[in-house]
Structures are given as C-alpha cells and as structure tokens.
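What follows is calculated from the coordinates using simple rules that are stated; it is not laboratory data. Only a predicted model underlies this, so the values are computations on that prediction, with no experimental measurement involved. Cβ placement follows ideal geometry from the backbone for every residue including glycine, while neighbour counts extend to all protein chains displayed.
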Amino acid sequence: MEKQFDVIVVGAGNGGLAAAANTAKAGLKTLLLEKHNIPGGCATSFRRGRFEFEPSLHELCSVGTADRPDVVYKVFDDLGAKPNWAYETGHLFRAIVKGEDGYDVHLDAGIEGFCDSVEAAVPGCRENVKAFVMLKQKIDAAIAYIYEMKGKPKGLTMLTKHTDFMRVAGHSVEEVMTAMGIPKKAQNMINTYWGYLGVPTDELNCMHFLNMLYGYMVDGAAMPKHRSHELSLSLIDVIQKHGGEVWYNSEVTQFLYNDDGSVAGVVANGTCFGQFFRGCS
C-alpha cells in the first residue's frame, strides 16, 4: 500500500510540529508521523496519580503580547495558532542553593528590580550587574548595523562605535562577568537560567545568554494557561485545518531513496509514504 504526500515530517516534537504547520498552511499535502501516542515532545505533560507533570518546558521568554508581540508570539500568530498565554511579570524565579555559600533568593522582573534583587543578596555589585545587563542593548545595536551592512560591516566602525560588542562577542558568560567585576555568588544567581540553553556558563557565549536573560527580565515569563501541551495542540489544529494528516503510534522504520540518493519517502506501520518513488523495498 502506498500513500503519496508532498511533505513528510518525522517526529511531532516542537520542530516537527512547526515544520508541518508551515507546509500544510502553504498548501502542500503534509503528513506528520509520530511514534508516541501524543504530540509535543518537550511541550507535553503526563499524569501520575492525581498530579500532572511537565517533562521539560515550563516557561518561555521572547513571547510578548498581542500589543507588543515578540518572536515566539509572532511564530504562532503567523501560523494562525492561538495558545492562551498566561504571564508571570512580578518576579522571575526563586533560586535555592544549599551549603556554606548557598542562598535563597527571589529575583524580580524588570531591569531595576532584577539588579536590586541581586544587590540585596550580594551588596556592592549592583552597578556591575546593571552594566552587564545593559550590554544587551549594545549588542543589539551592533547586530543591527551588521544587518544593515548586509553582513559586511566596516572594521573601523565596529572598533570605534561598537567596542563593547567586539569585546564580548567571542567570550563566555563567566569570562565577561568576571572581567566586569561581578562576584562569583552574584554570577551564580544570575546564571540560574543557563540550563535552558544547555551549555554551562564557562562555555556558553555571553550574547546568547544575555538575549535570553534580557527577554525574561523585560517581558517576564510566559506559558500557555493550560500547560505546555496547549502549544502542541494549537499546532496540530493548524495542520489539520489545512488538510494535513497526523499519525500517532507510527514509528518510521525505513527511509526510501531515489536512484540519485535523494529521499523519496518512508515506511511506517508497513505502509509506504512519499511523493515520487517506485515502491517499498
């Protein structure tokens, strides 16, 4: 048995859902195959007894609002997906570290509130912490200039007008914070979010970390009101609304190839799916 599609997406995680939603909306006959019995990957939930758990995703930065949309909001809005967003704008997080040099702090949202929170826990560091945070605006200005110059900025302009960007661009979070005189205890508090990027701060590029931290700080954290699985279901709705098919419990066991080596289709549940191929092997 063969079924033909313009696009086959393997895996209904965040990336697969977004890809399938885009192709289906563009008018391509789209099939999304997922070996689990629900979509979402990290954006899902599960129950144990009377409790419901998030496996990974629990708050997002760079979402924004309908009046002031940011990147994440625009992605969903452009697709026609409508998660019911809820916002945490008062404080960012509580960090608890046990031990001799441990701490228990609440870090507030907003640039001033965030810097005040760190200062209250580690007196004397506020000025340097704020200088670190404000690097984000200087980095943005440099990137805007590079974009304006179509990726070919003038070296002298970068050295004279975007000096701070040149200083930090190739350095880790830990290197920049240490160079700016931020105490180690304050660094540890600020760096609580590093796990969201999956790279420790002695390796993580400072610009990537600041982009995330600043987003949380200025806009607060956002999350779908009815847990992260709502993100996944909103994208499933888009796929199906535009005629796409979603198959669960369908693990891809084989890829099919054309004579020139290009992928022509897949096999799942004993069925061939593809566009133009000669059949199953």
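Close amide-amide hydrogen proximity is noted between HIS171 and CYS206, each under 5 Å apart and 5 or more residues distant or on a separate chain (H modeled in the peptide plane; Pro and chain starts excluded).
Using Cβ counts within 10 Å as a stand-in for footprinting exposure, how do HIS242, HIS58 rank, fewest first?
Values: HIS242 20, HIS58 15.
Listed from fewest to most nearby Cβ atoms, that is HIS58, HIS242.
Cross-link list LYS82/LYS136; LYS82/LYS150; LYS35/LYS225: which exceed 32 angstrom alpha carbon to alpha carbon? With Cα atoms farther than 32 Å apart: LYS82/LYS150.
Listing LEU197, LEU17, LEU159 from fewest to most neighbouring C-beta atoms within 10 Å gives LEU159, LEU197, LEU17.
Which entry in [x] -0.65, -0.91; [y] -0.75, -0.95; [z] -0.82, -1.01 is this structure's computed log10 I(q)/I(0) by the Debye sum over Cα atoms at q = 0.11, 0.13 Å⁻¹? It is the one labelled [z].
Mean sequence separation of contacting Cα pairs (under 8 Å, at least six apart), scaled by the length of the chain, corresponds to a relative contact order of 31 percent. Only Cα pairs within less than 10 Å get springs; with that Gaussian network setup on the chain, which residue of PRO55, PRO153, PRO183 has the largest fluctuation? Of PRO55, PRO153, PRO183, the most mobile in the Gaussian network model is PRO153. Between LYS82 and GLN254, the simple spin-label model (points 7 angstrom out along Cα→Cβ) gives 4.4 nm.
Per the helix-only calculation at 222 nm, which mean residue ellipticity applies to the chain, given -39500 (n - 2.57) for every DSSP H run of n ≥ 4 and division by its residues, nearest 500 deg cm²/dmol? Write down the numbers at each step before the final one.
Details: 10 runs with 109 residues, N = 281.
So the helix-based figure for the chain works out to -11500 deg cm²/dmol.
As an exercise, identify the GluC sites (Glu not before Pro) in the range 174-221 lying in DSSP coil whose Cβ has no more than 16 other Cβ atoms within 10 Å. Listed in order of number, the matching sites are GLU203.
Report the equivalent ellipsoid semi-axes for the range 90-219 in whole Å, largest first, defined as the square roots of five times the eigenvalues of the gyration tensor built from alpha carbon atoms.
Details: eigenvalues 161, 41, 37 Å².
Working from the Cα gyration tensor, I get semi-axes of 28, 14, 14 Å.
Inter-part distance, the range 104-178 to the range 4-72, computed on C-alpha centroids, equals 32 Å.
Find, among the trypsin sites (Lys or Arg not before Pro) in the range 123-169, those assigned to loop by DSSP (not H, G, I, E, B) with at most 15 other beta-carbon atoms within 10 angstrom. Each step should come with its number before you reach the end.
Working: sites: ARG126, LYS130, LYS136, LYS138, LYS150, LYS154, LYS161, ARG167; in loops: LYS150, LYS154.
Those that pass, being in a loop and sparsely packed, are LYS150, LYS154.
Projecting each Cα onto the charge dipole of the range 19-120 (Lys/Arg +1, Asp/Glu -1 at the beta carbon, about the Cα centre), which of VAL75, THR30, GLY49 comes out farthest on the positive side? Farthest towards the positive end: THR30.
Given Cα pairs under 8 Å that are at least 6 residues apart, what percent is the relative contact order of the range 6-121? Please report the intermediate quantities before stating the final value.
Numbers: 129 pairs, mean separation 15.6, N = 116.
Value for the range 6-121: 13 percent.
Out of the DSSP beta bridges found with both residues in the chain, what percent are antiparallel (nearest 5)? If we restrict to bridges inside the chain, about 70 percent are antiparallel.
In this entry, the range 20-74 is assigned a mean projected area of 6.0 nm², taken as a quarter of its C-alpha convex hull surface.
Taking the beta-carbon count within 10 Å as an exposure proxy, list CYS42, CYS115 from fewest neighbours to most.
Starting with the residue having the fewest Cβ neighbours, the order is CYS42, CYS115.
Checking understanding here: applying a Kyte-Doolittle mean of at least -1.0 and a length along the axis of at least 30 Å (C-alpha), which whole DSSP H helices in the chain pass? Qualifying helices: 126-148.
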